[in-house]
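Undergrad: Pasting a structure below so you can have a look.
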Amino acid sequence: MKHAKTLIVMFLPLLIVRFATPWIPQLHLSFWEGLPFSVLALILVLALVIYQHTRAISSAEKLFVMLPGGLPPEKEAFILRYEQWLNAQLLEYHCSFRFGMAQVSVFKQKDQPRYFSFLFHSFTSCCIDSFFDASGNLETSNSGSNGLYQHPRGYIQSFPKCPPPELWQRHLEGEQYLTVNLGWRLQPFAEPYANHLIATTNALIAHNRTQSLWPFRILYRFFVTRFAIRNKSIAQQLAGHKRL
């Protein structure tokens with residue numbers, strides 16, 4: 001059903017131009033002549049979808065629900081496949097929650113502000129976050145969809161379908177680059193993780209909404225930027241000026 005809705009949104013403008021233009025005497029456009037108008041209509045529709053979605057998550061506390069009992073058994077079974085690896089990295093279970101439609105299980109590394117998350121939505125992915133001084137952060141994900149929202153002082157690495165052990169190593173390499181070359185230092189936060197996540201999410205969305213034409217900027221990142229940073233380390237991104 002989700003994919004059907006996506007297809008409808010994508011092709012509805014094309015269908016409108018294809019079947020409506022012959023009935024508009026002032027235009028008399030063929031399908032190909034009307035194609036630019038279809039593309040423009042599609043861009044406007046997608047920008048509207050982004051606008052509505054971003055407004056919906058601008059108050060993260062309304063979408064955030066703690067799951068003290070953990071995730072459903074089938075999702076916990078998936079996580080158990082990595083139990084030995086998690087233990088080897090000193091990653092301990094921290095919390096579970098639901099954010100919108102996504103269910104998330106978070107593991108925290110002992111004595112370090114590093115968090116490894118399993119995310120279950122329309123597909124399963126992993127995300128790693130490290131937090132630094134002056135509100136800096138590094139996010140490394142294998143979902144392929146991160147990078148839509150620009151962090152005022154953060155970096156994103158995207159390695160689609162990368163297995164958790166390799167993703168962890170990539171994250172540590174990116175972290176090392178930031179500490180050695182930019183002088184960043186890991187810094188734990190005193191507040192509960194849930195409160196911190198809500199606060200940082202709200203700040204992130206608020207920052208992006210202050211940018212001019214922000215729905216179109218996010219649309220550009222969806223179609224261009226997120227592909228430009230795929231499988232590129234922080235060092236490669238900065239060398240190629242792919243700063244988000």
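Undergrad: Please state the relative contact order of segment 129-168 as a whole percent: Cα pairs under 8 Å, 6+ residues apart?
TA: The value is 39 percent.
Undergrad: OK, next. Where the centroid of each part is defined by its Cα atoms, how far is segment 132-174 from segment 178-212 in Å?
TA: First find each Cα centre; the distance between them is then 13 Å.
Undergrad: Using the structure shown, select from 62/232; 75/108; 62/161 the pairs with a Cα to Cα distance greater than 28 angstrom.
TA: 62/232; 62/161, as the Cα separations exceed 28 Å there.
Undergrad: Relative contact order of segment 35-175, please, whole-number percent, based on alpha carbon pairs below 8 angstrom and at least 6 residues apart.
TA: 13 percent
Undergrad: Okay, moving on. Using a probe of 1.4 angstrom, how much of the accessible area of segment 94-152 is carbon and sulfur, in percent?
TA: Heavy-atom surface of segment 94-152 belonging to carbon and sulfur, 1.4 Å probe: 50 percent.
Undergrad: Still on this structure, please answer the following. At what distance in nm do the modelled label points of residue 166 and residue 196 sit from each other, each positioned 7 Å from its Cα along Cα→Cβ?
TA: In this crude spin-label approximation the distance works out to 2.9 nm.
Undergrad: Another question, then. Around residue 119, what is the net charge, scoring Lys/Arg as +1 and Asp/Glu as -1 over all other residues with Cβ under 13 Å from its Cβ?
TA: After counting each charged neighbour, the total is 0.
Undergrad: Rounded, prolate or oblate: which fits segment 116-244 when a ≥ b ≥ c are the square roots of the eigenvalues of the alpha-carbon gyration tensor, with rounded for a/c under 1.5 and prolate only if a/b beats b/c?
TA: Rounded is the answer for segment 116-244, as its axis ratio a/c remains below 1.5.
Undergrad: Okay, next question. Just to confirm a number: summing +1 for Lys and Arg and -1 for Asp and Glu over residues other than residue 185 whose beta-carbon lies under 12 angstrom from that of residue 185, what do you get?
TA: Taking every Cβ under 12 Å from that of residue 185, the sum is -2.
Undergrad: Tell me the per residue accessible area of segment 147-204 using a 1.4 Å probe; a whole number in Å² is fine.
TA: 50 Å²
Undergrad: Each residue of segment 134-150 in order: what ³J(HN,Hα) in whole Hz does its phi give by Karplus 6.51 cos²θ - 1.76 cosθ + 1.60, θ = phi - 60°, with x for Gly and Pro?
TA: These are the phi-based 3J(HN,Hα) values: 6, 6, x, 8, 10, 10, 10, 9, 10, 7, x, 10, 7, x, 6, 10, 7 Hz.
Undergrad: On to the next question. Once label points are set 7 Å from the Cα along Cα→Cβ at both residue 153 and residue 42, what is their separation, rounded to one decimal in nm?
TA: Output for this residue pair reads 4.0 nm.
Undergrad: What are the ³J(HN,Hα) couplings of segment 88-105, residue after residue, when phi is run through the Karplus curve with 6.51, -1.76, 1.60 and θ = phi - 60°? Round to Hz, x for glycine and proline.
TA: 5, 8, 6, 8, 10, 4, 10, 5, 10, 7, 10, 10, x, 8, 8, 10, 10, 10
The values are calculated or read from the model by the stated rules, or taken from the named source; none is laboratory data. Being a predicted model, the structure only gives us computed values, none of them experimental. Backbone-built Cβ (ideal geometry, glycine too); neighbour counts: all protein chains shown. Accessible surface areas use protein heavy atoms only, side chains included; no ligands, DNA or RNA. Shrake-Rupley method; radii C 1.70, N 1.55, O 1.52, S 1.80 Å.
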